[in-house]
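What follows is a single structure, written as structure tokens, with notes after it.
The values are calculated or read from the model by the stated rules, or taken from the named source; none is laboratory data. Computed from a predicted structure; not experimentally measured. All Cβ positions, glycine included, derive from the backbone under ideal geometry; neighbour counts span all protein chains shown.
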Amino acid sequence: MPSPRFPIPQGTLDMLVLQILSLEPAHGYAIAQRLRQVSRDAVQVNQGSLYPALHRLEQKGWLTSEWRESETGREAKFYALTKTGQKQLAVEKADWNRLATAVQLIFGEA
Amino acid sequence: MNRLLNLFRRRRDRLDHDLDRELRYHLDRRVEEMMADGLDEPEARRRANLEIGGMTQVREAVRETWSWAWLDAIALDLRYAIRGLVRNWGFTLGVGTVLALSIGANIALFSVVNAVLLQPLSYPDADRLVSVETLWTNTGRASQDVSGPDFLDWQARNDVFEKIACVQGGDDFAAMVGDHAIFVNPRYVSADFFGVFGETASAGRLLTERDVPSGDAEPTVAVAAHHWATAQFGKAEAAIGKRIAVYGNPLEIVGVAAPGFRYPGAADLWAPWRITESDRGNHNYQAVGRIKRDVDLSRAQAQMRTIGATLSRRHPENRLKTVTLVPLRERLTGNLQVMLWMLMSAVGVVWLIACANIANLLLARAAGRTREIALRSALGAGRGRVARQLLTESTVLAGVGGLAGLLLASLFVRGLVALSPANLPRIDEVRMDATVLLFALGVSLVSTVLFGLVPALHASRLDLFDALKQGGAKATMSSASSRLRSLLVVAEVALSVMLLAAAGLLVRSFQALQRVDLGFTTDRVLVAYTEYAVRDLADIRTRSRVYADLLDRLRAVPGVSAAAGVAYLPMGREPRAARDYFIQGRPEGEAGERPQAELHAITRDYFKTLAIPVRAGRDFESGDTPGRTPVAIINQTLARAAFPGESPLGRHIRTNRRSPWMEIVGVVGDTRWQDPSQPPPPVIFVPSTQDWGNSLSILARTTLDQTSLAGTLRALLHDASPTVPVRFETMEELFDFALAYPRFRTQVIGLFAAVAALLAAIGIFSVLAYLVGQRTRELAVRRALGASAADVIRLIVGQGLRLTAVGLVLGLAGAVALARLLEGLLYQISPWDVATYVGAVALLGVAALLATLLPAIRAATIAPRIALQQE
């Protein structure tokens with residue numbers, strides 16, 4: 001099962017969380033499941049940093065949260081992307097692409 | 001404050017609870033999932049816990065994001081606050097100015113108090129420096145004047161001082177630097193003098209034991225004060241090796257003291273000195289000591305008292321005296337404490353009034369914003385959040401006010417220093433140091449609490465439903481708010497009355513001081529200080545002749561109506577020590593219990609020049625020469641004290657048991673020499689022509705311009721003797737100098753009181769203007785129902801005056817209660833002077849009336865129809 005994986009770069013977790021939530025609102029456990037999938041395939045995500053990240057993003061106003069009934073019938077805290085969150089995600093994606101292109105360019109020329 | 005803390009605490013509890021639920025949900029789901037994969041429950045729980053990094057750690061990490069969020073929220077509040085304040089720039093400017101002025105005045109006065117009273121003297125380990133003084137056991141009074149033999153005994157017998165030194169001198173002396181005649185203030189000190197202060201030289205060296213002259217020899221070296229050396233020679237180093245003849249005694253300057261070292265205050269030079277006299281009744285030294293590091297003041301005091309008691313038993317002259325230690329700082333500035341703390345309280349009151357005023361304005365503003373706040377609350381801003389927002393605004397205001405106050409303070413300090421008496425000790429040490437900055441910070445913070453908390457708490461208690469329901473632009477806050485605002489106005493008025501009454505008492509007392517009958521005229525009298533140095537009897541004869549000629553030539557100058565000489569100048573200078581006197585045919589009495597009088601040597605026409613009436617007998621004459629019967633003139637106070645019910649003329653008096661008796665030939669009117677507030681002292685006058693001879697200050701009454709006469713006099717004097725230095729002053733300047741302290745405190749407190757009254761008037765105005773705004777609708781209805789404009793004015797003015805009246809009564813009660821504290825500063829005015837209180841109340845009453853009239857007139861001009869349509 002363990003394939004060669006590298007640790008997730010600093011700050012990328014926020015982007016991943018925003019990306020996951022851009023599809024639909026989700027609670028922490030669902031986000032973690034999704035992250036585990038990503039982990040299996042590509043990068044290693046430290047689950048312990050998920051909840052601090054969620055609360056930080058909420059404080060910044062990029063996420064909102066509300067308590068809602070989950071698929072199991074129990075109440076769970078659902079997070080959703082706000083308008084500014086969407087903007088932030090777009091900005092981060094663009095930044096990321098610029099960086100990736102730049103790196104490719106450098107490697108291509110070398 | 002607790003309310004706010006509670007709001008924050010409750011929010012935190014809720015967040016904690018939510019987080020626990022959130023994490024428990026996650027763990028439970030994960031455990032279920034792993035159990036479905038075949039793990040047993042404890043193992044699944046262990047793994048799940050491990051996976052998210054441990055519950056406690058996660059909880060901590062999440063909480064950390066909250067505390068940063070708290071900072072973020074503060075930053076947001078700050079942004080809102082600044083934006084709001086900028087938008088209402090008129091309001092901000094007004095409040096900021098009031099705040100900056102009051103905080104600035106507080107900082108300025110505090111920096112004076114700090115430098116003069118609080119900071120240790122600028123010597124190393126200055127707490128261990130004491131003034132060693134004579135304590136008179138019959139009167140309980142300590143005097144800095146000590147006798148030489150007493151000092152030597154104290155020095156020899158104690159083991160509590162590291163070093164102890166004595167100082168002699170005080171008068172300016174004639175001196176020659178090159179061929180230039182100047183006045184210099186030399187002090188004659190024992191070898192340890194600089195050691196006591198722990199001083200070092202800034203050039204050359206200080207005094208050592210070897211410099212002290214042996215026996216009756218005169219000193220040959222001196223150390224110069226830094227300010228004097230630089231003024232005289234350009235820079236300190238240039239003074240080394242220079243020679244100065246002080247009263248004919250040549251001294252070589254071997255060193256210059258550190259800049260700023262001036263003890264006692266007026267000293268220019270210090271020369272070494274040995275105590276050779278043996279008379280314990282002659283108190284012409286002062287003593288300072290440095291207490292050993294491991295000895296405390298009370299132990300040192302106890303040992304010195306024991307020594308003093310031993311000396312009292314051994315020497316009859318010491319029967320009524322012992323020795324006491326007074327911390328040097330207390331000795332230098334102790335008498336200023338009452339005045340400075342009084343001014344500090346006054347400026348503190350101004351600041352309190354300013355804060356009350358601003359709290360009022362903020363309340364009014366908060367009332368205007370009721371709907372905004374209600375809306376934000378309805379949209380989910382917590383009560384704490386709203387209160388915090390308002391408090392942030394106040395903090396920003398106080399911060400800006402404090403900073404501006406700090407800048408203003410540096411201006412105010414310059415003003416205060418300029419107003420202050422020239423000889424206020426340590427006034428040159430006033431600066432903005434860490435203590436002052438700390439004080440500024442403290443005042444700003446306390447201001448925030450004083451004027452910010454009330455509106456903040458009020459807003460957080462706002463009833464949402466009411467506020468929104470009332471709608472319209474004129475939503476009101478609760479009636480509790482207007483009650484609070486009225487209370488603030490009452491407090492402002494009360495405090496202002498107290499300050500006005502205090503200022504009134506001081507002003508009236510100062511006026512009384514200025515009106516005091518001094519017993520002589522200060523009008524158009526020019527004073528020229530001169531000193532003619534003599535070395536021997538021949539010089540003394542020459543000196544008498546020179547002064548006699550000079551006075552004759554001066555009297556011949558057209559425009560000079562009278563001229564005379566006096567050995568010591570009456571006003572403003574250091575007081576002349578009183579001395580024992582004896583009357584022929586009466587018992588001598590015991591040392592320390594004998595009656596005392598001041599002794600002044602004068603020339604003829606002294607009384608004429610100063611317009612002092614001769615009540616009986618005659619003035620001195622040119623015939624009162626050394627060969628003739630010694631004569632004296634006394635003043636009425638002495639005549640009453642020494643010869644009650646009989647004529648002093650023809651009786652004999654003397655001030656020294658060995659000198660010849662002097663016949664009393666005249667009685668003259670009383671004069672107040674030093675301090676116009678003190679009763680006239682008993683005085684004996686002797687003719688300078690019969691006295692051992694003295695240098696004289698020349699007094700000339702003139703119809704001429706005083707400065708042109710000064711030129712003439714200088715020329716005459718230079719003709720007579722080029723080695724006599726001269727310095728001019730007018731009698732009016734001397735009188736001003738004598739009143740410098742009362743004038744200073746009166747001016748400063750008068751200024752504060754005026755500001756306080758103005759602030760109180762503004763407070764009344766703003767509250768009433770607000771109330772009128774609130775009641776526009778009601779007033780319109782009243783008008784529509786037939787109330788006249790006059791009725792409306794009466795209504796509003798009545799409301800304003802009711803507040804004022806309550807404030808006036810409370811303030812009056814407070815003023816009367818506190819007046820006793822001023823008693824020591826008052827002259828010829830009772831602390832319960834009715835006229836002053838009436839005046840203070842009337843002044844503030846008029847100001848209040850004016851402040852209520854404007855809003856009242858506005859209320860009366862409300863057009864009913866327009867006002868009602870607007871609603």
- Please work out if B:Ile829 is surrounded by 16 or more Cβ atoms within 10 Å (Cβ to Cβ), of a type in the set (Val, Ile, Thr) and in a loop (DSSP other than H, G, I, E, B). yes
- Message: Being within 30 Å of B:Ile762 (Cα to Cα), of a type outside the set (Asp, Glu) and under 43 Å from the mean Cα position of the chain (by Cα) narrows it down to one residue among B:Leu500, B:Leu518, B:Leu526; which is it?
- Response: B:Leu500
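Listed here are the residues, each with its yes/no results for (1) more than 27 Å from B:Phe161 (Cβ to Cβ); (2) modelled with pLDDT of 90 or more.
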{"residue": "B:Ala81", "(1), (2)": "yes, no"}
{"residue": "B:Leu99", "(1), (2)": "yes, no"}
{"residue": "B:Ile103", "(1), (2)": "yes, yes"}
{"residue": "B:Ile107", "(1), (2)": "yes, yes"}
{"residue": "B:Leu117", "(1), (2)": "no, no"}
- In the set B:Asp719, B:Asp705, which member is at pLDDT below 85, surrounded by fewer than 17 Cβ atoms within 10 Å (Cβ to Cβ) and more than 30 Å from B:Arg615 (Cβ to Cβ)? B:Asp705
- Message: Quick check on the range B:143-174: of everything there that is hydrophobic (A, V, I, L, M, F, W, C) and at pLDDT below 90, which residue is farthest from B:Ser721 (Cα to Cα)?
- Response: B:Phe173
- Kindly indicate whether any position in the range B:289-307 is surrounded by 14 or more Cβ atoms within 10 Å (Cβ to Cβ) and in contact with a His (Cβ under 6 Å, 6 or more places away or on another chain). no
- Does the range B:292-303 contain at least one residue that is free of Cβ contacts under 8 Å to residues at least 24 places away in the same chain and assigned by TED's automatic domain parsing to the domain that holds B:Arg485? no
- Quick one: which strands (runs of 3 or more DSSP E) lie wholly within the range B:123-178 and hold at least 3 residues that are surrounded by 15 or more Cβ atoms within 10 Å (Cβ to Cβ) and among the β-branched types (Val, Ile, Thr)? B:129-136
- Look through B:Leu375, B:Leu408 and report the one residue that is at pLDDT 85 or above, surrounded by fewer than 22 Cβ atoms within 10 Å (Cβ to Cβ) and assigned by TED's automatic domain parsing to the domain that holds B:Leu771. B:Leu408
- Restricting attention to the range A:63-72, does a residue exist that is surrounded by fewer than 12 Cβ atoms within 10 Å (Cβ to Cβ), more than 12 Å from chain B (Cβ to nearest Cβ) and not β-branched (Val, Ile, Thr)? no
- Task: Please work out if A:Tyr51 is within 12 Å of chain B (Cβ to nearest Cβ), assigned to a helix (DSSP H, G or I), closer than 30 Å to B:Ile74 by Cβ and without any contact (Cβ under 8 Å) to a residue 60 or more places away in the chain.
- Result: yes
- Task: Check B:Pro613 against each of (1) of a type outside the set (S, T, N, Q); (2) crowded, with 17+ Cβ neighbours inside 10 Å; (3) within 41 Å of the chain's Cα centre (by Cα) and name the one condition it does not meet.
- Result: (2)
- Item | Those residues of the range B:789-814 which are small (Gly, Ala, Ser) and either outside the structural domain of B:Phe765 (by TED's automatic domain parsing) or modelled with pLDDT under 85 (or both), in sequence order | B:Ala789, B:Gly800
- Please go through the range B:404-421 and pick out each residue that is part of a helix (DSSP H, G or I) and among the polar types (S, T, N, Q). B:Ser410
- Query: Could you say whether any residue in the range B:244-265 is in contact with a helix residue (DSSP H, G or I) (Cβ under 9 Å, 6 or more places away or on another chain), in a helix (DSSP H, G or I), closer than 27 Å to B:Pro722 by Cβ and not small (Gly, Ala, Ser)?
  - Reply: no
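Residue-wise test of (1) surrounded by fewer than 16 Cβ atoms within 10 Å (Cβ to Cβ); (2) closer than 12 Å to B:Phe582 by Cα.
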position: B:Arg640; (1), (2): yes, no
position: B:Pro648; (1), (2): no, no
position: B:Ile653; (1), (2): no, yes
position: B:Asn656; (1), (2): yes, yes
position: B:Pro660; (1), (2): yes, yes
position: B:Val665; (1), (2): no, no
position: B:Thr671; (1), (2): no, no
position: B:Pro681; (1), (2): no, no
position: B:Pro687; (1), (2): no, no
- Message: Please count how many residues of the range A:73-90 are within 13 Å of chain B (Cβ to nearest Cβ) and without any contact (Cβ under 8 Å) to a residue 40 or more places away in the chain.
- Response: 3
- Query: Taking the stated definitions as given, is B:Leu109 without any contact (Cβ under 8 Å) to a residue 12 or more places away in the chain and buried (at least 16 other Cβ atoms within 10 Å of the Cβ)?
  - Reply: no
- In the list B:Ile275, B:Ile307, which residue meets the criterion of being in contact (Cβ under 8 Å) with a residue 60 or more places away in the chain and in contact with a Leu (Cβ under 7 Å, 6 or more places away or on another chain)? B:Ile275
- Message: So if I check each of A:Leu35, A:Leu57, A:Leu21, which one is in contact (Cβ under 8 Å) with a residue 24 or more places away in the chain, surrounded by 15 or more Cβ atoms within 10 Å (Cβ to Cβ) and more than 10 Å from chain B (Cβ to nearest Cβ)?
- Response: A:Leu21
- State whether the residues of the range B:271-279 include one that is crowded, with 23+ Cβ neighbours inside 10 Å, part of a loop (DSSP other than H, G, I, E, B) and modelled with pLDDT under 95. yes
- Task: Would you check which residues across the range B:602-654 are within 17 Å of B:Pro680 (Cβ to Cβ) and part of a loop (DSSP other than H, G, I, E, B) and list them?
- Result: B:Leu610, B:Ala611, B:Ile612, B:Pro613, B:Phe643, B:Pro644, B:Pro648
- Query: Out of the residues in the range B:58-78 that are within 14 Å of another protein chain (Cβ to nearest Cβ), at pLDDT 75 or above and under 30 Å from B:Ala364 (Cβ atoms), which is surrounded by the fewest Cβ atoms within 10 Å (Cβ to Cβ)?
  - Reply: B:Ala75
- Query: What do you reckon, is B:Phe439 at pLDDT below 85 and assigned to a helix (DSSP H, G or I)?
  - Reply: no
- Message: All but one of (1) among the hydrophobic types (A, V, I, L, M, F, W, C); (2) at pLDDT 90 or above; (3) over 14 Å from B:Ala271 (Cα atoms) hold for B:Ala181; state the number of the condition that does not hold.
- Response: (2)
- In the range B:740-786, what residues are surrounded by fewer than 20 Cβ atoms within 10 Å (Cβ to Cβ), in contact with an Asp or Glu (Cβ under 9 Å, 6 or more places away or on another chain) and of a type outside the set (S, T, N, Q)? B:Arg743, B:Arg777, B:Arg782
- Scope the range B:21-40; condition more than 10 Å from chain A (Cβ to nearest Cβ) and either in contact (Cβ under 8 Å) with a residue 24 or more places away in the chain or over 19 Å from A:Thr72 (Cα atoms) (or both); matching residues: B:Gly38, B:Leu39, B:Asp40
- Query: Does the range B:585-597 contain at least one residue that is crowded, with 21+ Cβ neighbours inside 10 Å and under 22 Å from B:Arg727 (Cβ atoms)?
  - Reply: no
